[in-house]
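Step one of this worksheet: look at the structure below.
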Amino acid sequence: MLLKRIALIVFFICPTLLFAQELRCNIQVNSQKIQGTNRTVFQTLQTAIYEFMNNTAWTNHVYGFDERIECNIMLNITEQLGSDEYKGTLQVQARRPVFGSSYNTTMLNFLDNNLHFRYREFDKIEFSETSHLSNLSSTLAFYAYIILGIDYDSFASLGGGEYFLKAEKIVTNAQTAPERGWKAYEGNRKNRYWMIENLLNSKYRPLRETYYRYHRQGLDRMSDKSAEGRAEIAECLVLLQKVYREKPDPYLFGLQLFFDAKNDELVNVFSESFPTEKARVVNILTEIDNANASKYKTILEQKNE
């Protein structure tokens, strides 16, 4: 499956007339905080989101069923503001298979706290690349393209640019929308505007290069060349350290996206390393992702068998 995915991304640079769906997206809608209302609307909402994410052709590439990108979307509805108006949060996760193993590595694990949308029972979710039709469809499409962009970046260096540009277009189209999450100045830099800004910002280019080197030259080699693959991942951390020290912005949201997905995995990868590599990696990680410093220090406590 992984080799087919690599071939798909490398060779389908030119448009094709064939289409297929790219995502295998599990959807969960949690409405436990909403009382005294028609519960079936949330069931139809879950179905509508499932059909939108899984039945939309997001690219012009052909995917086999077993090549689809595994992802989860968990919508937690926290408020009902009107008969068809809701607020809540959206947890977005995506995974990628690792060559030569049954292991799936987490690519994205992000909680969006700015979801405000309208939905009427049995409505179909409609999306346009050229205009902002609704906050729900724009938000879901935005994350579909983010998932695709990160996945493509992991198979070919900077390979996801086309999909990040599509996500950026969604943000541009939503600039006049009243809902939060789309604009530069909302009092919170952890939103959709800044996510795509960071991913396309040239100062974060080492981060995007890391997605390729970490996965194709690192994790994908570890089944038969574990030391070489691990060494490549260690060099990727040097790239991220460069971004951290140059501080393209004070919040470093792009780096946070990476470490929110990878912190546990990094502990597992380097717990099997040798002492000098462990010490070097822990020093880098505690500098650039200090929020997880205590977790990274456990790498030093692991004894190799």
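When ASN76 is tested against the conditions (1) within 21 Å of GLY181 (Cβ to Cβ); (2) out of contact with any strand residue (DSSP E or B) (no Cβ under 6 Å at 6 or more places or on another chain); (3) not small (Gly, Ala, Ser), the lone failure is (2). Tell me whether the stretch 113-123 contains one or more residues that are surrounded by 16 or more Cβ atoms within 10 Å (Cβ to Cβ), part of a helix (DSSP H, G or I), among the polar types (S, T, N, Q) and in contact (Cβ under 8 Å) with a residue 60 or more places away in the chain. Within the stretch 113-123, none of the residues are surrounded by 16 or more Cβ atoms within 10 Å (Cβ to Cβ), part of a helix (DSSP H, G or I), among the polar types (S, T, N, Q) and in contact (Cβ under 8 Å) with a residue 60 or more places away in the chain.
For the stretch 264-285, a residue qualifies if it is crowded, with 16+ Cβ neighbours inside 10 Å, under 26 Å from PRO250 (Cβ atoms) and over 20 Å from the mean Cα position of the chain (by Cα), and the qualifying residues are VAL281, VAL282, ILE284, LEU285. Yes or no: GLU179 in contact with a helix residue (DSSP H, G or I) (Cβ under 7 Å, 6 or more places away or on another chain), farther than 21 Å from LEU23 by Cβ, among the acidic types (Asp, Glu) and in the same structural domain as LEU252 (by TED's automatic domain parsing)? In short, no. Listed by first and then second residue, the pairs with beta-carbon distance under 6 Å, at least 6 apart or on different chains, first residue in the stretch 64-79 and assigned by TED's automatic domain parsing to the domain that holds ILE49 and farther than 14 Å from LEU148 by Cα, second among the basic types (Lys, Arg) and outside any strand (DSSP E or B), are THR78/LYS33. Does the stretch 85-96 include one or more residues that are more than 22 Å from GLY181 (Cα to Cα), under 20 Å from the mean Cα position of the chain (by Cα) and assigned to a helix (DSSP H, G or I)? Within the stretch 85-96, not a single residue is more than 22 Å from GLY181 (Cα to Cα), under 20 Å from the mean Cα position of the chain (by Cα) and assigned to a helix (DSSP H, G or I).
The values are calculated or read from the model by the stated rules, or taken from the named source; none is laboratory data. Because the structure is a prediction, the values reported are computed rather than measured. Cβ sites come from the backbone with ideal geometry, for glycine too, and all protein chains shown count toward neighbours.
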